[in-house]
1. Of the residues A128, A113, only one is at pLDDT 95 or above, surrounded by 19 or more Cβ atoms within 10 Å (Cβ to Cβ) and within 37 Å of the chain's Cα centre (by Cα); which?
2. Across the range 92-110, which residue is surrounded by the most Cβ atoms within 10 Å (Cβ to Cβ) among those that are under 16 Å from E36 (Cα atoms), in contact (Cβ under 8 Å) with a residue 60 or more places away in the chain and among the polar types (S, T, N, Q)?
3. Give A188, A184, A159 a once-over and let me know the one that is under 23 Å from the mean Cα position of the chain (by Cα) and outside the structural domain of E89 (by TED's automatic domain parsing).
4. Are there any helices (runs of 4 or more DSSP H) wholly within the range 66-145 with 2 or more residues that are closer than 20 Å to G52 by Cα, and if so which?
5. Any residue that is surrounded by fewer than 16 Cβ atoms within 10 Å (Cβ to Cβ), within 33 Å of the chain's Cα centre (by Cα) and farther than 28 Å from E162 by Cα - is there at least one of those in the range 53-69?
6. Here is a check on your reading of the model: is E36 at pLDDT 95 or above and on the phi < 0 side of the Ramachandran plot?
7. Determine whether I179 is aliphatic (A, V, I, L, M), in a helix (DSSP H, G or I), surrounded by 10 or more Cβ atoms within 10 Å (Cβ to Cβ) and at pLDDT 80 or above.
8. For the range 37-49, enumerate the residues that are surrounded by 15 or more Cβ atoms within 10 Å (Cβ to Cβ) and either more than 41 Å from the chain's Cα centre (by Cα) or more than 19 Å from A114 (Cβ to Cβ) (or both).
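The values are calculated or read from the model by the stated rules, or taken from the named source; none is laboratory data. Every value quoted in this text rests on a predicted model; they were computed, and no experiment measured them. So basically every Cβ, Gly included, is an ideal-geometry build from the backbone, and we count neighbours across all protein chains shown.
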Amino acid sequence: MKRFFAILLIVICLVPFCVYAKDKKEDKKVKVYVFEAGGCPYCEAETEYLKGLSSYNKKFVIVSKELYVDHVNWEKGKDYDLGVSVASEFNKAGFADASSTGTPFVVISDIFAATGYSTDLEEVINQAYEEGDKDAVSCISKGKDDCVRINEEALKKAAEEEAAKEKAKETHGGVAILILGGIALVGAIVYTFVFKKNTNSEIDEFDDEDDVEEEEKTEELEEKEHEEKYERNQRRPIRRPNDRQNGTRRPVRRPSNTKTRRNENK
């Protein structure tokens, strides 16, 4: 009888420890948060992928959050404000892919937060399980600070990408300036050539017009001189040509003397 009571006492003492160990095992499971929209096909595909992993319900569980009521009108869901806060905190820590503007938005501990369908989450889940789930979503929902660890590598990468973008902008700006300068130079050359050609054409036209006017004036002067000469000739008395110059002599007519002729006849 004493032996029976001793065994019963041992069992009673061990039960709380077994329950506590089970609870600790349950607490160790990583919570994978999926912020989704009603009827979102990518959200459903993400959930099916997670449930298909061998570690599902062993190392992690899925916690669904309603970010949007549906994926057509994108009406805000009951967990919309939480999703916005979680995305903002992860952005500050260097997680550039965290966003509450799309679904599915997946958050794992304090080491992963990204929007979009992904099938590369098993390694992240295993890391969170080994390190222990920090449950950043629950921490943020309680209004606590420092819920997300700073991702130094992501921040450094983001800074490098930003610097590369700025450098690209400067390079593109310099190239654009060179191109615009070249276009302006070509335009100036073409304009100068066309303007000079048109100017030369106008000058030639003016020269031709001047030549025509000069010729007309010359013709008018010649015609006027001809008319004046003709008028002078008309007013000049007619003179007989000099016979000596022609080599002939005109017969000299002597005045007739009637008296002499009569005397001779007598």
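1. Working: A128 fails: within 37 Å of the chain's Cα centre (by Cα).
Being at pLDDT 95 or above, surrounded by 19 or more Cβ atoms within 10 Å (Cβ to Cβ) and within 37 Å of the chain's Cα centre (by Cα) holds for just one of A128, A113, which is A113.
2. That would be T103.
3. Values: A188 fails: under 23 Å from the mean Cα position of the chain (by Cα); A159 fails: under 23 Å from the mean Cα position of the chain (by Cα).
It is A184.
4. Numbers: elements: 80-92, 122-131, 136-141.
Where helices (runs of 4 or more DSSP H) fall fully within the range 66-145 and carry at least 2 residues being closer than 20 Å to G52 by Cα, they are 122-131.
5. No, there is no match, as no residue in the range 53-69 is surrounded by fewer than 16 Cβ atoms within 10 Å (Cβ to Cβ), within 33 Å of the chain's Cα centre (by Cα) and farther than 28 Å from E162 by Cα.
6. Working: at pLDDT 95 or above: yes; on the phi < 0 side of the Ramachandran plot: yes.
For E36, the condition - at pLDDT 95 or above and on the phi < 0 side of the Ramachandran plot - is met.
7. Numbers: aliphatic (A, V, I, L, M): yes; in a helix (DSSP H, G or I): yes; surrounded by 10 or more Cβ atoms within 10 Å (Cβ to Cβ): yes; at pLDDT 80 or above: yes.
Considered against the rule, which asks whether it is aliphatic (A, V, I, L, M), in a helix (DSSP H, G or I), surrounded by 10 or more Cβ atoms within 10 Å (Cβ to Cβ) and at pLDDT 80 or above, I179 comes out as yes.
8. Here is the first cut: in the range 37-49, the residues surrounded by 15 or more Cβ atoms within 10 Å (Cβ to Cβ) are 37-38, 40, 42-43, 46-47, 49.
Selection gives G38 alone.
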